[in-house]
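Inspection log for the structure reproduced underneath, given as structure tokens.
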Amino acid sequence: MNLEYAMLLAVIQGLTEFLPISSSAHLILPSAVLGWVDQGLAFDVAVHLGSLIAVILALRVRLGRLIKGVCVGMGRRYPRHARLGWMIAAATLPAVVAGVLLKSWIEGELRAVGVIAATTIGFGLLLWWADGRVGQRGMSHIRWRDVLIIGMAQAVALIPGTSRSGITLTAALALGWSRRAAAEFSFLMSVPVIFGASLLKGWDLLSATESVPWFEIGMGTVASGLSAYVCIRLFLGLIQRIGVKPFVMYRLALGVVLLVVLWIP
């Protein structure tokens with residue numbers, strides 16, 4: 001894949017990583033329709049790094065408070081921030097365990113266009129249902145039961161087409177959270193997940209026998225990071241007003257397009 005295609009896919013990845021519309025569906029569509037080759041390990045490293053930098057910058061104030069709360073005085077001096085920080089860590093565990101146990105099966109069996117089309121449509125409809133249960137609860141009222149449910153939902157997002165941000169947003173809305181709080185908690189949960197994925201992908205790349213394309217990684221990181229940062233800021237600013245219906249409609253349309261691609265010989 002040449003640099004222009006890689007940059008375009010990096011922008012697509014950055015825009016779709018944090019929206020409830022499934023980044024995997026968008027990355028498989030160019031391959032299925034245009035015959036583009038697999039993006040490769042260097043691309044994966046670049047977009048993960050870009051997404052991680054973007055979410056850290058966008059939520060730097062909140063993340064700074066959480067880290068300070070957990071670390072200063074062993075969490076006793078800032079108990080509210082420390083509690084939320086530990087809850088985010090706990091919510092990450094189901095996805096980590098599921099990823100370790102099911103990684104090979106998911107990557108080998110579930111990356112088919114038909115699976116991604118079905119999950120894009122099915123979980124889009126589930127998001128629509130959950131938005132009807134939206135409430136006014138914020139992160140200051142989070143309970144351990146919420147953490148367990150949202151953490152389990154994030155583990156389901158390992159299935160391609162589900163959308164990590166989409167399924168965690170769905171779970172939080174179904175629990176009566178406000179849209180803004182649900183979106184922000186989803187983004188905070190993404191930090192340890194993307195950080196872990198970046199470490200694993202980076203280690204695989206450094207362990208590979210071929211040379212590391214540092215220029216392509218740098219360009220892909222910038223493209224993915226800039227698009228992801230803009231996406232996060234706009235989404236947090238608009239979600240309370242526009243709701244999730246536009247994203248649901250988009251998911252349904254995308255799922256239909258994928259089904260059409262699947263049926264065309």
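Of all residues in the stretch 237-249, those satisfying the criterion of being crowded, with 16+ Cβ neighbours inside 10 Å and assigned to a helix (DSSP H, G or I) are Ile239, Phe247, Val248.
Residues considered: Gly132, Gly73, Gly124. Of these, the only one that is out of contact with any Cys (no Cβ under 9 Å at 6 or more places or on another chain), without any contact (Cβ under 8 Å) to a residue 12 or more places away in the chain and within 15 Å of Thr170 (Cα to Cα) is Gly132. Going by what's in this entry, would Ala223 be described as in contact (Cβ under 8 Å) with a residue 24 or more places away in the chain, in a helix (DSSP H, G or I) and within 25 Å of Ala171 (Cα to Cα)? No, not satisfied. Restricting the stretch 100-159 to residues that are among the polar types (S, T, N, Q) and assigned to a helix (DSSP H, G or I) leaves a set whose member that is surrounded by the most Cβ atoms within 10 Å (Cβ to Cβ) is Thr120. Residue count for the stretch 126-143, restricted to those that are more than 22 Å from the chain's Cα centre (by Cα) and farther than 29 Å from Leu252 by Cβ: 3. Inside the stretch 160-170, residues that are over 19 Å from Trp86 (Cα atoms), in a helix (DSSP H, G or I) and within 12 Å of the chain's Cα centre (by Cα) make up a count of 5. A single entry from Ser211, Ser207, Ser178 fulfils the requirement of being hydroxyl-bearing (Ser, Thr, Tyr), surrounded by fewer than 23 Cβ atoms within 10 Å (Cβ to Cβ) and either under 13 Å from the mean Cα position of the chain (by Cα) or modelled with pLDDT of 90 or more (or both): Ser178.
Only one entry of Leu258, Leu234 meets the criterion of being closer than 19 Å to His26 by Cβ, of a type in the set (A, V, I, L, M) and buried (at least 22 other Cβ atoms within 10 Å of the Cβ), and that entry is Leu258. Can Gly64 be described as over 21 Å from Asp204 (Cβ atoms), at pLDDT below 85 and assigned to a helix (DSSP H, G or I)? No, not satisfied.
Applying the set (1) under 26 Å from Leu3 (Cα atoms); (2) touching a Ser or Thr at 6+ places or on another chain (Cβ under 6 Å) to Gly220 leaves exactly one unmet item: (2).
Taken residue by residue, the stretch 184-207 has no member that is of a type in the set (Lys, Arg), touching a Pro at 6+ places or on another chain (Cβ under 8 Å) and in a helix (DSSP H, G or I).
A search for C-beta distances below 6 Å between a residue of the stretch 20-37 that is of a type in the set (Asp, Glu) and any residue that is assigned to a loop (DSSP other than H, G, I, E, B) and modelled with pLDDT under 65, counting only pairs 6+ apart in sequence or on different chains, returns nothing.
The values are calculated or read from the model by the stated rules, or taken from the named source; none is laboratory data. Note that this is a predicted model, so its numbers are computed, not measured. Glycine also receives a Cβ, built like all others from the backbone with ideal geometry; neighbour counts cover every protein chain displayed.
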